[in-house]
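Trainee: Quick one: the structure is below, and I'll ask about it shortly.
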Amino acid sequence: MTTKGRRNRLPPAGPPAAVRTDPEPLAARIATTGNSPEFSRLLPWVLFLFAGSGFAALVYEIIWFQLLQLAIGSSAVSLGLLLAAYMGGLCAGSAMFPRLVSARQNPLRVYALLELGIGIFGVVALVAVPLAGRLYASIAATGLIGMILRGLVAALCLLPPTLLMGASLPAISRWAEATPRGVSRLGFLYSANIAGAVIGCVAAGFYLLRVYDMAVATWAAAAVNCAVAVLAWVLSRHDSTGGERAADPPSERAPARRAPGAMLIYLAIAFSGLTALGAEVVWTRLLSLLLGPTVYTFSIILAVYLVGLCGGSSAGSFLSRRVRNPGATLALCQILIAAGIAWTAWTLVWVLPYWPADPWLSINPWANFDFDVMRCLRSILPATLLWGASFPLALAAAAAEGEDPGRLSGEVYAANTAGSIVGALAFSLLLIPSIGTQNSERLLVWLAAVGALAAIAPFVITVREKTTRNSGVGRFASYAAGAAAAAWLLSSTVSGIPWQAMAYGRRIAPILRDQSLAGDNPTTPAFVAEGINASVVIAQRGDERFFYVSGKAEASSGLLDMRLQRMMGHIPALVHPAPKSVLVVGFGAGVTAGSFVPYPEVSSIVICELEPSIPPASDEFFGKENNHVLRDRRTRVVYDDARHYILTAPGKFDVITTDPIHPWVKGTSTLYSKEYYELVRRHLNPGGVVAQWLPIYESDEETIKTELATFFSVFPTATVWSNYLNGDGYDLVLLGAPDTPPIDVNALQQRLSEAGYAQVSASLAETGFHSAVDLLSTYAGRAIDLAPMLAGAQINDDLNMRLQYLAGLGLNSVISPRVYAEILSYRQFPDGLLVGQGENFDALRELIRRPHKTF
C-alpha cells in the first residue's frame, strides 16, 4: 500500500474527544493527522459549493412559503404547518441519508445529484404548488379535517425537495476526513452554507423579488443548484482522496460507532435549536413592532440572524480544534446563550423603544434600512453567535474516532433541526398567546440552562481516572445548582415590552417625545394582548379611543377614522338596492361591520378575522360605535385569513367589504392582488358590490398607482371615493362591481328618509353625512377617468407580490397630498353614473366640481 493510502486509512476506534483521559491537547493530537494536501487544496472549492447550496435553499424557502400561503392561508396555524413540513424534511433527510446511501459512494458525486434534484424540484414547484392549491380549494374542509388537509398539502409540496436539502450536509460531510481535524472542518462547511443563505436572503428580499418575480428568482436559484452540481461532479473526478477513503469505510452492517454520552450531546444541541428558533419567533415579533413589519424588516432580521450563526459557527469550528473538552465548552456556550437571551430582552425593552429614532428623519428607505441593520445587530447578534458556535462544538463533542462523518453530521443536524421545529411551533402557536413574550423569554433562559446541563453531563458523570461515579453525580448536582441560579438571576432581569411599542411601533420615540411635551392629556392603555397572530392595544386619551394592531393605528373613535369605517359599510350597502348577505374582511374596531346592523334587509353578516383576541375587545370598548355587531344574531365570525376563507368558501354575497391592514405589512399584498380581486368577484351575487380600503398616507406614488391599477384590472368600471381632512386625501374607498348600475341621487335620499332607515341616517350623520348629497360628494373619480394617470403602472399579482416591495420602500413617504391632488385633477362629474334631477342633483354636481369641503 502506498504512503498516501496508509495516511488516509481510518484510524482505529478509541475514546471520544469528549471523554479522553490523556492530557495532550486536542490541537497537538490533530497536528499529526488529517493533513492531506488534496483535502486542503479542494476545501475552498467545497466551501464555495456549500455556500451556493445555502443561497438557493433560502431563495426557495421564501418563494415556497409565499406560494403555499396563497393555497393554505397565512394564519399562524398555516404558517406552523408550513414550517413543520419544511424543517421536518430537513430533519428527516439528514437523519435518513447515512442509513440509505452507502459510504462507498463518492461523496462529491452524491452531493452533485442531490443539488440537481433540488434544482428540478424548485422549478417544478412553480407549477405544482398552484395545482396543489387548486386541488386543496376544491376539497377544503373546516376544523380538524381542514387542518389535516393543509398539512398534507404542505408536506406534499415541501417534503421531496427538503429531504434532499437535509441530506446535503451528511453527503458532503463524507468528503471530510474521519479524523478530529476532519470533523472540526464540518463546522466550516456549516458556516459556508449559512453564509450562502445570508446572501440568498438579502438577494431575494432586496433584489430578485423586488425587481422581478418568483419565477425569475426560482430560475436563478435553480441555476445556482445546477452550477453547484456540475462543479461538484468535476471536482469528484479530481479528488484522488475520495475513492481511497471510500475503499475502506466503516462497516455498514456493524453498529454505528458513537462516543459515550453522545445521546446527551444530541439532546443538548436539540435544546440549542429549540431556544434558537423559539427566540427567533419572539424577537422577530418584537423587532417587527419597532422597525415596522415590512418584507424588508423580516429580511434584515433573518439576515442578521444568519450572519450571527455563520460567524459563530466559524468561531466554533476554530475553537473545537483547540479546546481540551468540546462538551464542556458546549455547556459553557449554552449558559452564555442564556445571558445573550437576557441581553436581547433588555435591549428590546429598555434601549430600542427609547432610541431617538424618527422614521421621518429621512424618507430615503435605504438610510432607514441601514439604521435597522444596526439596531438588529445591537439586539440579537450576541446570542446568534453563540448558537452558531454550538453546532461545531456538538460535532466535536459527539465524535468517535473512525465514525462515519456523514452519520455524525446527519444525526447532530437532525437533532438540532428537531429541536428547532419544537421551538418554532411551541412559541408561535402556544407560548406567546398564552404566557406572552416576556415569560417566553424567561422560559428560553431556563431551557438554555437545561441544554447546558445536557452538554456537561457526559463529561461530569462519566467515570474518569481518580474519580468515582458518585463524585461525578455530586459534581453534576453542583453544576445543576449553579445553572439554576444563573437561570433564575438572568430570567429575573427580563421585562415585558412596553405597551407603547405594541401600539406605536416604529414611531414610538417621536410619539413618546410629543406626549411628554403635552403632559396634560396622557394616553392610557385600556386593553393589551399578545395574540397568536398579532399584538393588540386599545388606548384612551380624553374622550377618544384608539385601536392598534402590531404597532399600527387601525381605527379610533375620532371623526376622521369613524367616517372611513362607516363609508366602507354604508357606500356599498346603499349602492346595492337591497343587500341581504354581507362579508366583512377584518373586524378591527367593528365599526364597518356594525354599519350593516341597521339595514333591515341584511340577514347575514359574516366577518373574517385573523386574530381571535380582537372581536371581544372591540365589542367591549367600541360596542357603542359598532352597534355591538358581535352580539347580533345575524353575525358569524370566521377566524381565518380572508384569502383562504374566500378561496374555500362555497357561498356568495351581495356585499363584500375588505378592510385589511396596510399593504406595506409583509404578506398583506395577497389581499391587494389581481387574483384576490378575481376571487372576490366570483363570490358576488348578481348585482353584488365590493368595497376595498386603500390608504394613501404612508405611501408613495408608485404604490398608490399599483393599487388602483390592480383593482381596476378586475373591475374596469370601478369608482373611487375619498375620506379627506381639510381638503387633503387620507384614505380612499374603491367600489367595484361586475356591472356598475347608475346611482339615482333622489332615490337614495328617499331611501334614507324612510322610517326603516332612521338608524342608517343617524349613523351617517354622526360622521358628518347629513344627506345622500353629502355622502356622494366624496366621489373622487372612476377607472376610465384615471386611465392616463395609471398608464404603465405595475399590476400586483400572486407571482410577483409587487405591492409589498413597493409599499415597503414608500412607507415613510409624505407625498400623499400631492398624489391625492393628482387624482382629483382627473375628476369630472360622472354623467351616467350619478343620475337624478332637482335641487339635490344640482347641489351634488356643484360639490363634485369644486374642492372638497372641510369637516
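The values are calculated or read from the model by the stated rules, or taken from the named source; none is laboratory data. Note that the coordinates shown come from a computational prediction; the quantities given were computed from them, not determined experimentally. Don't worry about glycine lacking a Cβ; one is built from the backbone with ideal geometry, like all the others, and counts go over all protein chains shown. When the accessible area is computed, the model is the full protein with side chains, heavy atoms only, and any ligands, DNA or RNA have been set aside. Shrake-Rupley method; radii C 1.70, N 1.55, O 1.52, S 1.80 Å.
Trainee: Name the residue, out of 677, 672, 730, that is at pLDDT below 90 and crowded, with 19+ Cβ neighbours inside 10 Å.
Mentor: Residue meeting the stated conditions: 730.
Trainee: Can you pull out every residue in the stretch 790-827 that is outside any loop (DSSP other than H, G, I, E, B), among the β-branched types (Val, Ile, Thr) and under 25 Å from residue 296 (Cα atoms)?
Mentor: Within the stretch 790-827, 819 is the sole residue that qualifies.
Trainee: Another one. So, of the residues in the stretch 377-405 that are outside any helix (DSSP H, G or I) and of a type in the set (D, E, K, R), which turns out to be surrounded by the fewest Cβ atoms within 10 Å (Cβ to Cβ)?
Mentor: Restricting to residues being outside any helix (DSSP H, G or I) and of a type in the set (D, E, K, R), the top hit is 401.
Trainee: Can I ask one more? Step by step: first the residues of the stretch 114-164, then only those that are within 23 Å of the chain's Cα centre (by Cα) and of a type in the set (Ser, Thr, Tyr), then the one that is surrounded by the most Cβ atoms within 10 Å (Cβ to Cβ). Which residue is that?
Mentor: If we take residues in the stretch 114-164 being within 23 Å of the chain's Cα centre (by Cα) and of a type in the set (Ser, Thr, Tyr), then 162 is surrounded by the most Cβ atoms within 10 Å (Cβ to Cβ).
Trainee: Of the conditions (1) under 37 Å from the mean Cα position of the chain (by Cα); (2) assigned to a loop (DSSP other than H, G, I, E, B); (3) not β-branched (Val, Ile, Thr), residue 830 satisfies every one except a single condition; which number is it?
Mentor: For residue 830, the failing item is (1).
Trainee: If you go through the stretch 415-425 one residue at a time, do you hit one that is open to solvent by less than 10 Å² (accessible area, probe 1.4 Å), aliphatic (A, V, I, L, M), closer than 16 Å to residue 266 by Cβ and in a helix (DSSP H, G or I)?
Mentor: No, because not a single residue in the stretch 415-425 is open to solvent by less than 10 Å² (accessible area, probe 1.4 Å), aliphatic (A, V, I, L, M), closer than 16 Å to residue 266 by Cβ and in a helix (DSSP H, G or I).
Trainee: Look at the stretch 477-496 and say how many of its residues are outside any loop (DSSP other than H, G, I, E, B), open to solvent by less than 60 Å² (accessible area, probe 1.4 Å) and not hydrophobic (A, V, I, L, M, F, W, C).
Mentor: Residues meeting the conditions: 2.
Trainee: Something else now. Is it the case that the stretch 500-507 has a residue that's modelled with pLDDT of 90 or more, assigned to a strand (DSSP E or B), open to solvent by 30 Å² or more (accessible area, probe 1.4 Å) and not hydrophobic (A, V, I, L, M, F, W, C)?
Mentor: no
Trainee: Answer with yes or no whether residue 635 is among the polar types (S, T, N, Q) and at pLDDT below 95.
Mentor: No, not satisfied.
Trainee: Okay, moving on. Can residue 581 be described as closer than 26 Å to residue 744 by Cβ, modelled with pLDDT of 95 or more and open to solvent by 10 Å² or more (accessible area, probe 1.4 Å)?
Mentor: Criteria met by residue 581.
Trainee: Something else now. Can you tell me which residue within the stretch 631-640, out of those that are outside any loop (DSSP other than H, G, I, E, B) and under 30 Å from the mean Cα position of the chain (by Cα), is farthest from residue 583 (Cα to Cα)?
Mentor: Ranking the candidates gives 639 first.
Trainee: So which residues in the stretch 306-335 are open to solvent by less than 10 Å² (accessible area, probe 1.4 Å) and under 30 Å from residue 505 (Cα atoms)?
Mentor: Of everything in the stretch 306-335, just one residue is open to solvent by less than 10 Å² (accessible area, probe 1.4 Å) and under 30 Å from residue 505 (Cα atoms), namely 308.
Trainee: Let me ask something additional. Kindly provide the set of residues from the stretch 316-348 that are aliphatic (A, V, I, L, M) and at pLDDT 95 or above, ordered by number.
Mentor: 330, 331, 332, 335, 336, 337, 338, 339, 341, 342, 345, 348
Matching residues to (1) open to solvent by 30 Å² or more (accessible area, probe 1.4 Å); (2) modelled with pLDDT of 95 or more; (3) over 30 Å from residue 281 (Cβ atoms); (4) more than 18 Å from the chain's Cα centre (by Cα):
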site	(1), (2), (3), (4)
70	no, no, no, no
77	yes, no, no, no
89	no, yes, no, yes
112	no, yes, yes, yes
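Trainee: Any chance you could count how many residues in the stretch 644-657 are surrounded by fewer than 24 Cβ atoms within 10 Å (Cβ to Cβ) and in contact with a helix residue (DSSP H, G or I) (Cβ under 7 Å, 6 or more places away or on another chain)?
Mentor: Number satisfying all stated conditions: 3.
Trainee: Scanning the stretch 183-195 for residues that are within 17 Å of residue 385 (Cα to Cα) and small (Gly, Ala, Ser), which turns out most open to solvent (accessible area, probe 1.4 Å)?
Mentor: My answer is 195.
Trainee: Checking the condition open to solvent by 50 Å² or more (accessible area, probe 1.4 Å) and part of a strand (DSSP E or B), which residue from 616, 525, 600 passes?
Mentor: Only one candidate qualifies: 525.
Trainee: Being of a type outside the set (Val, Ile, Thr), in contact (Cβ under 8 Å) with a residue 24 or more places away in the chain and not in a helix (DSSP H, G or I) narrows it down to one of 573, 589, so name that one.
Mentor: 589
Trainee: A further question follows. Filter the stretch 680-692 down to the residues that are open to solvent by less than 50 Å² (accessible area, probe 1.4 Å) and among the small types (Gly, Ala, Ser), then identify the one that is nearest to the chain's Cα centre (by Cα).
Mentor: 691
Trainee: So, one more: Of the numbered conditions (1) open to solvent by 30 Å² or more (accessible area, probe 1.4 Å); (2) modelled with pLDDT under 95; (3) assigned to a helix (DSSP H, G or I), residue 738 fails exactly one; give the number of that condition.
Mentor: (3)
Trainee: Taking the condition of being closer than 22 Å to residue 812 by Cβ and either free of Cβ contacts under 8 Å to residues at least 12 places away in the same chain or open to solvent by 50 Å² or more (accessible area, probe 1.4 Å) (or both), how many residues in the stretch 541-552 meet it?
Mentor: Residues that pass the stated criteria total 0.
Trainee: In addition: Just name the residue that is least open to solvent (accessible area, probe 1.4 Å) out of those in the stretch 337-376 that are farther than 30 Å from residue 450 by Cα and without any contact (Cβ under 8 Å) to a residue 60 or more places away in the chain.
Mentor: This residue is 367.
Trainee: From the list 538, 607, 532, which residue is open to solvent by 30 Å² or more (accessible area, probe 1.4 Å), touching a residue at least 24 places away in the same chain (Cβ under 8 Å) and within 26 Å of the chain's Cα centre (by Cα)?
Mentor: After applying the criteria, what remains is 532.
Trainee: Within the stretch 708-719, does at least one residue satisfy the condition of being without any contact (Cβ under 8 Å) to a residue 40 or more places away in the chain and either open to solvent by 10 Å² or more (accessible area, probe 1.4 Å) or not in a helix (DSSP H, G or I) (or both)?
Mentor: No, that holds for no residue.
Trainee: Under the condition of being small (Gly, Ala, Ser) and within 17 Å of residue 216 (Cα to Cα), which residue from the stretch 53-68 is least open to solvent (accessible area, probe 1.4 Å)?
Mentor: The selected residue is 56.
Trainee: Just for the stretch 741-762: of the residues that are open to solvent by less than 10 Å² (accessible area, probe 1.4 Å) and more than 22 Å from residue 845 (Cα to Cα), which one is nearest to the chain's Cα centre (by Cα)?
Mentor: Within the stretch 741-762, the match that is nearest to the chain's Cα centre (by Cα) is 760.
Trainee: Can you work out which of the residues in the stretch 196-228 that are within 25 Å of residue 313 (Cα to Cα) and touching a Gly at 6+ places or on another chain (Cβ under 7 Å) is most open to solvent (accessible area, probe 1.4 Å)?
Mentor: Looking at the filtered set, the residue picked out is 224.
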